[in-house]
Amino acid sequence: MITKLSYHITPASRMANVSYAIRDLAVVADQVASQGHKILYLNIGDPGKFDFPTPPHLIDAAERAMRAGFNGYGDSLGERAALDAIRAQAEAAGFQNIQGIMVGFGSGEVIDHCLTALLNPGDNVLTPCPNYPLYGAVLGKLSAEPNPYFLSEENGWQPDVEDIAARINSRTKAILLINPNNPTGAIYSRETLEKVVELARRHNLLILADEIYDKLIIDEDCEHISIATLAPDLPVITFNGLSKAYLVPGWRIGWAVATGPAEALGDYLEAVYKLLRARLSAPHPFMHAIAPALQGPQDHLKVVREKLRRRRDLTVAWAERTPRVSMVAPRGAFYAFPKLDIPEEDMQFVTSLLQEKHVLCVHGAGFGQRQGTQHMRIVFLPQEDVLTEAYDAITEFISHRY
Ligand code: PLP
């Protein structure tokens, strides 16, 4: 028999700082699905849910590792062959002064440890607005102060460098760039990156560069520049992983490469390593797929980019012909962030769209986008017929609603 308890478990007060707005939408989606409606999911950044199969040689590598007995804990910072492959790739891309490489449960885990080892309560990191929600959740957990800088929609969603400069204060420890960007799909220009490097240099900031989408550049004439290659003399931590370009987000393999002067980074990296040792290791057999991924055939990437280009073009064409929608064309990753000229909050818009047309997109405010502007984020991973059906439904929804 279950008796009624007289006490309840109270979450820590710092959890009040952690919000994840997207969850509320998932609850509505479950309700809509339980009424028997087919939902068109334009909210999931997981290529494995769509027609992007995992390259077979990676599955072979993981299977081989399991059969060879790599099923115990691995090295806390990452397997030797994996670290060597990550280093070789980084050096080939122009990274210098590599001081450390660490592999984790997706880049998300490494990001968490790198922020945890960096920040005291009340410190801040300059984070983009709009932002990928993981960062807000981790910073909230650490009781860090929010310090968002604007990405400029008028300037192709490039970081607003003047805004960044104006927000640096005595508690600012780092600046975060997500390039290519989630949720906007923007790729940052050399000029923007050089200005950020100058600010970091002037104010002694650590640069955090999330480049998990660096291989998903849609336009061939568009160059992706790793900010670490522009700042070999500054401390930079660059995040990457297998989830997106190698189509295995469920394997939870990501990493960070730390570059810059040894004197500047030594104590900090030791602090990150302590956290990595305490959690033992990243998933061991899957670490054995890192070297085969980075050094084996890359043919799938061509196919992925071509599919993304067609789906991006379809998305741009829809935005161009649809009243009340305007959009900076995404150039990388698989996200679009159209602006909505509507007389209501974007949260209300996406909720009603979900309830009435069964299309699931995330509202701009779910990414902390600036108040008074309305946006939605589209994931254009689904096949073209699904995207066409979803875009027709959104157009119809808009034309009836306003
Ligand atoms: N960074 C960005 C910008 C992302 O969009 C994501 C996932 O969507 C991640 C990091 C986390 O990726 P993972 O933990 O799978 O490496």
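Some values worked out for this structure:
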| read-out | value |
| --- | --- |
| Unmet criterion (only one of (1) aliphatic (A, V, I, L, M); (2) more than 16 Å from the ligand (Cβ to nearest atom); (3) in contact (Cβ under 8 Å) with a residue 40 or more places away in the chain; (4) surrounded by fewer than 18 Cβ atoms within 10 Å (Cβ to Cβ)) for Leu119 | (4) |
| Flag for Leu280 being assigned to a loop (DSSP other than H, G, I, E, B) and either more than 23 Å from the chain's Cα centre (by Cα) or modelled with pLDDT under 95 (or both) | yes |
| Whichever residue in the stretch 226-254 is within 16 Å of the ligand (Cβ to nearest atom) and among the polar types (S, T, N, Q) and, among such residues, is nearest to Gly94 (Cα to Cα) | Ser226 |
| Qualifying positions in the stretch 305-333 - closer than 13 Å to Leu381 by Cβ, over 18 Å from the mean Cα position of the chain (by Cα) and among the aliphatic types (A, V, I, L, M) | Leu314 |
| Any hit, the stretch 341-355, residues being among the β-branched types (Val, Ile, Thr), out of contact with any helix residue (DSSP H, G or I) (no Cβ under 7 Å at 6 or more places or on another chain) and part of a helix (DSSP H, G or I) | no |
| Test result for Ala271, in a helix (DSSP H, G or I) and closer than 18 Å to Asp84 by Cβ | no |
| Only listed residue being surrounded by fewer than 24 Cβ atoms within 10 Å (Cβ to Cβ), without any contact (Cβ under 8 Å) to a residue 60 or more places away in the chain and within 13 Å of the ligand (Cβ to nearest atom), chosen from Glu198, Glu211, Glu194, Glu223 | Glu211 |
| Top-ranked residue in the stretch 1-36 [being surrounded by 10 or more Cβ atoms within 10 Å (Cβ to Cβ) and of a type in the set (Ser, Thr, Tyr); ranked as farthest from Leu360 (Cα to Cα)] | Ser19 |
| Enumeration of residues in the stretch 51-81 that are within 17 Å of Val103 (Cβ to Cβ) and surrounded by 13 or more Cβ atoms within 10 Å (Cβ to Cβ) | Leu58, Ala61, Ala62, Ala65, Phe70, Gly74, Asp75, Ser76, Leu77, Gly78, Glu79, Ala81 |
| Test: residue in the stretch 50-68 that is among the polar types (S, T, N, Q) and within 30 Å of Ser170 (Cα to Cα) | no |
| Conditions (1) surrounded by fewer than 24 Cβ atoms within 10 Å (Cβ to Cβ); (2) touching a Lys or Arg at 6+ places or on another chain (Cβ under 9 Å); (3) farther than 16 Å from Pro330 by Cβ; number of the one not met by Tyr246 | (1) |
| Selection count, the stretch 90-116, where residues are over 20 Å from the mean Cα position of the chain (by Cα) and either aromatic (Phe, Trp, Tyr) or within 16 Å of the ligand (Cβ to nearest atom) (or both) | 1 |
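The values are calculated or read from the model by the stated rules, or taken from the named source; none is laboratory data. Everything numeric in this text was worked out from a predicted model, so none of it was measured. Backbone-built Cβ (ideal geometry, glycine too); neighbour counts: all protein chains shown.
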